[in-house]
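The values are calculated or read from the model by the stated rules, or taken from the named source; none is laboratory data. Note that the structure is a prediction, hence the values are computed from the model and not measured. Methodologically, a virtual Cβ is constructed for each residue, glycine included, from the backbone with ideal geometry; neighbour enumeration extends over all protein chains shown.
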Amino acid sequence: MKIEKMTAAHLDAVCRLENDCFSHPWSRTSLESELNNPNSLFLVAVEGDAVTGYVGMNAVLDEGYIYNVAVAEPYRRRGVGSALIRELVTHGRKNGFAFLTLEVRESNAAARSLYGHFGFVKAGERKNYYSDPAENAVLMTLYF
Ligand SMILES: CC(C)(COP(=O)(O)OP(=O)(O)OC[C@H]1O[C@@H](n2cnc3c(N)ncnc32)[C@H](O)[C@@H]1OP(=O)(O)O)[C@@H](O)C(=O)NCCC(=O)NCCS
């Protein structure tokens, strides 16, 4: 498995991942605009020709906001999500971030467990943050 910066060549595959994984997927236009955003870091995991997962983050000064993490179903539970998050954690540490933070559906035990492995802790809750289906968000933060 290789972790690479997302480029225009990955957009089709990343759109598919978004559509497969989320009820409100990011549009291709939104993903494309991140390619030219100097404050964003979007990474893909690649195996042969296949994009198996992706992660996206935006930095505001020394604060890192993770937008999304998604791994294609056939490739889950093989360390792809961990490899992607590890890259962001390394990036945050190297660049003197104060923290990395994200929102996750309360019921998303897989993602919450993944973040927990990296030291993210529950830092708050947003009631009914999500729709389709309606659900609370848990804020999880890794303090450096
Ligand atoms: C959450 C997600 C990114 C995890 O990716 P992954 O590549 O399967 O994760 P990894 O193989 O690196 O697993 C790391 C840890 O996460 C946890 N985990 C992953 N899948 C899990 C599952 N189905 N059930 C419980 N824990 C799980 C485990 O703690 C696992 O460690 P372990 O394998 O040593 O037990 C993936 O399931 C996914 O894309 N889900 C749909 C999209 C999504 O919910 N994204 C998060 C939005 S906030």
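Table for the structure above
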quantity: Residue count, region 1-44 (criterion: at pLDDT 95 or above, under 26 Å from residue 108 (Cα atoms) and small (Gly, Ala, Ser)); calculated: 4
quantity: Count of residues meeting criterion [in contact with a helix residue (DSSP H, G or I) (Cβ under 9 Å, 6 or more places away or on another chain) and either among the charged types (D, E, K, R) or under 14 Å from residue 42 (Cα atoms) (or both)] in region 11-23; calculated: 6
quantity: Residues (more than 12 Å from the chain's Cα centre (by Cα) and either farther than 13 Å from residue 100 by Cα or near the ligand (Cβ under 8 Å from one of its atoms) (or both)) located in region 46-63; calculated: 46, 47, 48, 49, 50, 51, 52
quantity: Region 96-144: number of residues that are of a type in the set (Asp, Glu) and at positive phi; calculated: 1
quantity: Unmet requirement for residue 129, which otherwise passes all of (1) within 11 Å of the ligand (Cβ to nearest atom); (2) more than 15 Å from residue 21 (Cβ to Cβ); calculated: (1)
quantity: Residues satisfying the stated conditions in region 64-86, i.e. near the ligand (Cβ under 7 Å from one of its atoms), closer than 15 Å to residue 22 by Cα and modelled with pLDDT of 95 or more; calculated: 69, 70, 71
quantity: Qualifying positions in region 90-123 - more than 14 Å from the chain's Cα centre (by Cα), under 14 Å from residue 143 (Cα atoms) and of a type in the set (A, V, I, L, M); calculated: 98, 121, 123
